[in-house]
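For reference, the structure is listed below as structure tokens.
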Amino acid sequence: MRVTVDPARGVEVVLPRRAAEREAAAAIRELRPWIERRVAELERARAAVAARGDSVPYLGQALRLVVQPGRTRAHRRGSELLVPAGANQLPALERFYRRAAHDEIGSRLDRACAEVGADYERLQIRGQRSRWASCSRSGTMSFNWRLLLGPEPVLDYVVWHEVCHLEVMDHSPRFWALLGGRCPGYREQVRWLRRHGATLVL
């Protein structure tokens, strides 16, 4: 059985095939305190996103949105982000962040790998719903473009986390010791993601 609280779909309970529906009700009753905390977190995240007004975050900076009718692509100009009007704005913003993520993450990944003598196979920028990044056994590195909506130290931590997986694929004590040596203070970034990860949306 799996219970999730999603900002768009609400509370979702996924039951095994032969489970009775009453088991879903029992699970919700049992998990009610957790569900209520999660709903409150999502409400706080919605309020934080709404408080941005006419700006979007970019690695700890605020980029002011400047709407230009007729524009089809989002383009950065200093501390401004020139964006299309209307329904085209959100898709253009996501494409901008995906392009920027490839550059921002690629350069950090290359530097970190060069520093420790590691190699990766390729870099993918994705929009995963449930994770920030992953490293496959073949060396493919996948990162969530939404990381650019957070502070720069958080992105640096996630890059180092995945680079350490090139050497240690699990989350054993050896992995955390390796990460601690390469990214001192990583626990602060882990805490930030836990508290504020739900705000990393457009």
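Descriptive notes on the structure:
- Hits in segment 99-122 - residues which are within 18 Å of Leu202 (Cβ to Cβ) and open to solvent by 80 Å² or more (accessible area, probe 1.4 Å): Arg99, His102
- Residue check for Ile35: open to solvent by less than 40 Å² (accessible area, probe 1.4 Å), out of contact with any helix residue (DSSP H, G or I) (no Cβ under 6 Å at 6 or more places or on another chain) and β-branched (Val, Ile, Thr): yes
- Restricting attention to segment 148-161, the residues that are among the acidic types (Asp, Glu) and touching a helix residue (DSSP H, G or I) at 6+ places or on another chain (Cβ under 8 Å) total 1.
- Meets criteria (assigned to a helix (DSSP H, G or I) and of a type in the set (S, T, N, Q)) for Gln189: yes
- Within the option set Ser107, Ser134, Ser138, Ser172, being over 29 Å from Gly53 (Cβ atoms) and in contact with a helix residue (DSSP H, G or I) (Cβ under 9 Å, 6 or more places away or on another chain) holds for one residue only, Ser134.
- Single residue of segment 179-202 satisfying the filter (without any contact (Cβ under 8 Å) to a residue 60 or more places away in the chain and under 20 Å from Gly117 (Cβ atoms)) that is least open to solvent (accessible area, probe 1.4 Å): Leu179
- Test: residue in segment 160-173 that is touching a Ser or Thr at 6+ places or on another chain (Cβ under 9 Å) and closer than 14 Å to Ala101 by Cβ: yes
- Odd one out for Ala51 among (1) on the phi > 0 side of the Ramachandran plot; (2) loosely packed, with under 11 Cβ neighbours inside 10 Å: (1)
- Taking residues in segment 120-147 that are within 19 Å of Tyr58 (Cα to Cα), and partners anywhere that are open to solvent by less than 60 Å² (accessible area, probe 1.4 Å) and in a loop (DSSP other than H, G, I, E, B), the pairs with Cβ atoms closer than 8 Å and at least 6 places apart or on different chains are Asn144/Gly127; Asn144/Gln128; Trp145/Gly127; Arg146/Gly127; Arg146/Leu200; Arg146/Val201; Leu147/Leu200.
- No other residue among Arg29, Arg38, Arg9 is at pLDDT 80 or above and either closer than 22 Å to Leu81 by Cα or not hydrophobic (A, V, I, L, M, F, W, C) (or both) apart from Arg29.
- Taken over segment 157-202, the criterion of being under 19 Å from the mean Cα position of the chain (by Cα) and among the aromatic types (Phe, Trp, Tyr) is satisfied by Tyr157, Trp160, Tyr186, Trp192.
- Residues that are over 27 Å from the mean Cα position of the chain (by Cα) and not in a helix (DSSP H, G or I) within segment 16-53 comprise Pro16, Arg17, Arg18, Ala19, Ala20, listed in sequence order.
- Test: residue in segment 164-171 that is without any contact (Cβ under 8 Å) to a residue 60 or more places away in the chain, surrounded by 12 or more Cβ atoms within 10 Å (Cβ to Cβ) and in a helix (DSSP H, G or I): yes
- So Asp110, is it more than 18 Å from the chain's Cα centre (by Cα) and part of a loop (DSSP other than H, G, I, E, B): no
- Residue in segment 65-86 that is assigned to a loop (DSSP other than H, G, I, E, B) and touching a residue at least 60 places away in the same chain (Cβ under 8 Å) present: no
The values are calculated or read from the model by the stated rules, or taken from the named source; none is laboratory data. The model shown is predicted, which means the values in this text are computed figures rather than measured ones. Counting neighbours? That spans all protein chains shown, and the Cβs are built from the backbone with ideal geometry, glycine included. Please note that ligands, DNA and RNA were not included when accessible areas were found on the heavy atoms of the full protein model with its side chains. Shrake-Rupley method; radii C 1.70, N 1.55, O 1.52, S 1.80 Å.
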